[in-house]
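Notes for the one structure printed next.
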Amino acid sequence: MHYRTLGTTGVTVSVQCLGAMMFGQLGNTDVDDCLGIIGRALDSGINFIDTADVYSGGQSEEIVGQAVRTRRDEVVIATKCFYPMGPDANQRGGSRRWITRAVDASLRRLGTDYIDLYQVHKLDWDTDLEETLGALTDLVRQGKVLYLGSSSFPADWIVEAQWAAARRHTERFVCEQSQYSIFARSVEQAVLPACSRHRMAMIPWSPLAGGWLTGKYRRGENAPAGSRFDPANPFMRGSVSTAEERTSAVRYDAVEALHVIAEQAGLSLTELALAFVGSHPAITSTIVGPRTMRHLDDALAAAEIRLGGDVLDAIDKVVSPGTDLPGIDHFVHRPALDAAARRRPQ
């Protein structure tokens, strides 16, 4: 396992980050199995774990906390807040009122007295960014949080957050967490360069494009049991967008072309996809989100792989740099594009 520095923090993290979204009701409901996966990841050299309060309604944080209880000093723990955690309209978002409650709940579930990296899960368009940064800065000064990060922020707001922190003398975001894979390359245009300019770490999510880049979805074959496209899986089914299903033909074409590239390079498709993400100089640590021990083993096999220029050039011919395949959702809603915002009142 190789290691890199998390932005300008001086904290060293593994080039693979264990994503914990699949631990709990959303994915693997066998707690002992989840604990075993986390233990194996740590024994294999991973020292970075990413979770969120919303994952399985807090179960993911609880499982992570239980797994690292005797190894807390070895692990850099990242978690997030933003998405709804209850029926109350104020149990969500980037307000001071919610952040101060959410962090205490996460600390309790994780069983720790500090969070290494606390991230805003999504940009809150309804809350002043300086309000959010001010609340997060107070958490750092209280010792509850060490470093701050953003997730799924558009490039202009990544920059705006840096300016706001400098202007108001608050703590700044030291990293960004965006979707990045062979299927989702639009972040290469502005998000990754913005992070590099501001010396921010980048920890991309969904490097396997929701399982498409493992090769488990094949043209003319039924989706594997428990997968996102399995009709019997009520939890993952809701995460599949209509656009994603409608553009499956394009994805099958890309997967078939990438299989050929992987075979010629002597790699599995999973190894090719993970190595591709890690090859970009802006990437610090790639989030791998296993649901089973086999998934983890497949991901770990890619940690030492370095792709040559010929392989990267071949991938570019399948999905052009800076572009996404149709149907990719980066979860960046821009209110300025809403109809009411584009029309003068009558």
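Exactly one condition in (1) within 15 Å of residue 185 (Cβ to Cβ); (2) modelled with pLDDT under 95 is not met by residue 286; state its number.
(2) is the only condition that residue 286 fails.
In the range 237-255, is there at least one residue being in contact with a strand residue (DSSP E or B) (Cβ under 8 Å, 6 or more places away or on another chain) and modelled with pLDDT of 95 or more?
There is no residue in the range 237-255 that is in contact with a strand residue (DSSP E or B) (Cβ under 8 Å, 6 or more places away or on another chain) and modelled with pLDDT of 95 or more.
Check 58, 65, 93 and return the single one that is in a loop (DSSP other than H, G, I, E, B) and open to solvent by less than 10 Å² (accessible area, probe 1.4 Å).
Details: 58 fails: in a loop (DSSP other than H, G, I, E, B); 65 fails: in a loop (DSSP other than H, G, I, E, B).
Sole residue among the options that is in a loop (DSSP other than H, G, I, E, B) and open to solvent by less than 10 Å² (accessible area, probe 1.4 Å): 93.
If I ask for residues that are surrounded by fewer than 17 Cβ atoms within 10 Å (Cβ to Cβ), closer than 21 Å to residue 250 by Cα and under 21 Å from the mean Cα position of the chain (by Cα), which ones from the range 296-326 would you list?
321, 322, 323, 326 - these are the residues of the range 296-326 that are surrounded by fewer than 17 Cβ atoms within 10 Å (Cβ to Cβ), closer than 21 Å to residue 250 by Cα and under 21 Å from the mean Cα position of the chain (by Cα).
Quick check on this structure: which one of 276, 331 is under 17 Å from the mean Cα position of the chain (by Cα), open to solvent by less than 20 Å² (accessible area, probe 1.4 Å) and more than 19 Å from residue 48 (Cβ to Cβ)? Steps first, please.
Details: 331 fails: open to solvent by less than 20 Å² (accessible area, probe 1.4 Å).
Unique residue meeting the criteria: 276.
Looking at the range 38-53 only, could you name the residues that are of a type outside the set (Ser, Thr, Tyr) and either within 26 Å of residue 103 (Cβ to Cβ) or modelled with pLDDT under 95 (or both)?
Our first condition is that a residue be of a type outside the set (Ser, Thr, Tyr); within the range 38-53, this holds for 38-43, 45-50, 52-53.
The answer is 38, 41, 42, 46, 47, 48, 49, 50, 52, 53.
Of the numbered conditions (1) open to solvent by less than 60 Å² (accessible area, probe 1.4 Å); (2) over 20 Å from residue 298 (Cβ atoms); (3) of a type in the set (Ser, Thr, Tyr), residue 44 satisfies every one except a single condition; which is it?
Here residue 44 clears every test but (2).
Would you say residue 341 is in a helix (DSSP H, G or I), over 13 Å from residue 276 (Cβ atoms) and either modelled with pLDDT under 95 or open to solvent by 80 Å² or more (accessible area, probe 1.4 Å) (or both)? Explain how you work it out, then say what you get.
Values: in a helix (DSSP H, G or I): yes; over 13 Å from residue 276 (Cβ atoms): yes; either modelled with pLDDT under 95 or open to solvent by 80 Å² or more (accessible area, probe 1.4 Å) (or both): yes.
Spelling it out, residue 341 is indeed in a helix (DSSP H, G or I), over 13 Å from residue 276 (Cβ atoms) and either modelled with pLDDT under 95 or open to solvent by 80 Å² or more (accessible area, probe 1.4 Å) (or both).
Just name the residue that is least open to solvent (accessible area, probe 1.4 Å) out of those in the range 20-41 that are over 15 Å from residue 293 (Cβ atoms) and touching a residue at least 40 places away in the same chain (Cβ under 8 Å).
Looking at the filtered set, the residue picked out is 26.
Against the conditions (1) open to solvent by 20 Å² or more (accessible area, probe 1.4 Å); (2) part of a loop (DSSP other than H, G, I, E, B); (3) not small (Gly, Ala, Ser), where does residue 53 fall short? Just the number, please.
Exception for residue 53: condition (1).
Restricting the first residue to the range 294-314 and requiring it to be closer than 19 Å to residue 263 by Cβ, which pairs with a second residue that is aromatic (Phe, Trp, Tyr) and modelled with pLDDT of 95 or more meet a Cβ separation below 8 Å and a spacing of at least six or different chains?
Final answer for the pair search is 307/276; 312/276.
Return the total of residues in the range 136-154 being crowded, with 20+ Cβ neighbours inside 10 Å and not in a loop (DSSP other than H, G, I, E, B).
Of the residues in the range 136-154, 8 are crowded, with 20+ Cβ neighbours inside 10 Å and not in a loop (DSSP other than H, G, I, E, B).
Taking only the range 159-178 into account, find how many residues are touching a residue at least 40 places away in the same chain (Cβ under 8 Å), part of a loop (DSSP other than H, G, I, E, B) and either more than 26 Å from residue 277 (Cβ to Cβ) or open to solvent by 10 Å² or more (accessible area, probe 1.4 Å) (or both).
Of the residues in that region, 1 qualify.
The values are calculated or read from the model by the stated rules, or taken from the named source; none is laboratory data. Quantities reported herein were computed from a predicted structural model and do not represent experimental measurements. Virtual Cβ from ideal backbone geometry, glycine too; neighbours counted across all protein chains shown. Protein only, heavy atoms only, side chains kept; ligands, DNA and RNA dropped before computing areas. Shrake-Rupley method; radii C 1.70, N 1.55, O 1.52, S 1.80 Å.
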